[in-house]
1. What's the angle, to the nearest 10 degrees (0 to 90), between helix 144-155's Cα axis and the longest principal axis of the chain?
2. If I take R0 = 22 Å and measure r between the Cβ atoms of residue 247 and residue 198 in this structure, what FRET efficiency does the formula 1/(1 + (r/R0)^6) give, to the nearest 0.05?
3. With axes computed from alpha carbons, what is the tilt in degrees of helix 230-281 against the longest principal axis of the chain, rounded to the nearest 10 within 0 to 90?
4. Taking Cα centroids, how far is the range 31-86 from the range 180-256 in Å?
5. Relative contact order for the chain using alpha-carbon pairs under 8 Å, separation at least 6, rounded to a whole percent?
6. State the extension gain, in nm to one decimal, for the chain segment bounded by residue 186 and residue 57, taking 0.36 nm per residue of separation less the distance between their alpha-carbons.
7. Assuming R0 = 25 Å, can you tell me the calculated FRET efficiency for the pair residue 116 and residue 280, based on Cβ-Cβ distance, to the nearest 0.05?
8. Given the Cα-Cα distance of residue 208 and residue 168 and 0.36 nm per residue of separation, how much length would full extension add, in nm?
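Nothing in this text is a laboratory measurement; each read-out follows from the coordinates by a stated rule. None of the values given here were measured: they were computed from a predicted structure. Note: ideal-geometry Cβ built from the backbone for every residue, glycine included; neighbour counts use all protein chains shown.
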């Protein structure tokens, strides 16, 4: 984001101020109380409708007037935006325009759009680009431990520390799960090997069934030829029924093995899902 200009009307000490920001480094020079910091206050107010200094938000209204106005022109993503806020004693007006077209007016909608454009909240903006008066000077005189605390406060590390402590329970859970990762990995390997063995056994049984079917067909042909020979017919019939029993037995075996495969595939899928969950949690 590039801020191109800031306009302040009856804002703190500014009656009517319009500042252009050319590309590059801009330095605001002036004696104490000239209103340099108020320009940054105006930027924060325009973006977030909140005060940086003072006890009340109405403290930004210049004495003797009824309202304060801050307007910013900035560029984001190659497009120009104009953001205008007016603070009265009891009400707030907000307007956000993109290249002359109004895209939001209500305070909440304007704030949502600003947060979307900036991709950061007020605290992050203040801690990353705005150092309050006296905070830098205090770093020179304090003890190293206090200096570290102040630096962390300036860049927002204190909130990161709180977030880290809040994540401790999640991290502990992740570390506990990673301990079982090798066990799950070995179980997956074993179940894959069992599945391959069962597949090979099924293939062998199917080949055997095909052979039996060919033998059965041959026996049926022979049975037709010797149907007149009762003794031989009886023997062939016995062979025929024995083969049918064998097929039934093999079919039962195949059904049992297929059920085992389904069960093992379900277990393998659960193990794969557990592995994938570990990989997603690990980063």
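1. Taking Cα atoms only, the helix is inclined about 80 degrees.
2. 0.65
3. Roughly 10 degrees, rounded to the nearest 10.
4. What the calculation gives is 87 Å, centre to centre.
5. Values: 280 pairs, mean separation 32.6, N = 283.
With pairs under 8 Å counted, the relative contact order is 12 percent.
6. Details: separation 129, 0.36 × 129 = 46.44 nm, distance 6.34 nm.
Stretched fully, the residue 186-residue 57 segment lengthens by 40.1 nm.
7. On the way: r = 27 Å, r/R0 = 1.10.
For residue 116 and residue 280, the calculated efficiency is 0.35.
8. Working: separation 40, 0.36 × 40 = 14.40 nm, distance 5.96 nm.
Full extension from residue 208 to residue 168 adds 8.4 nm.
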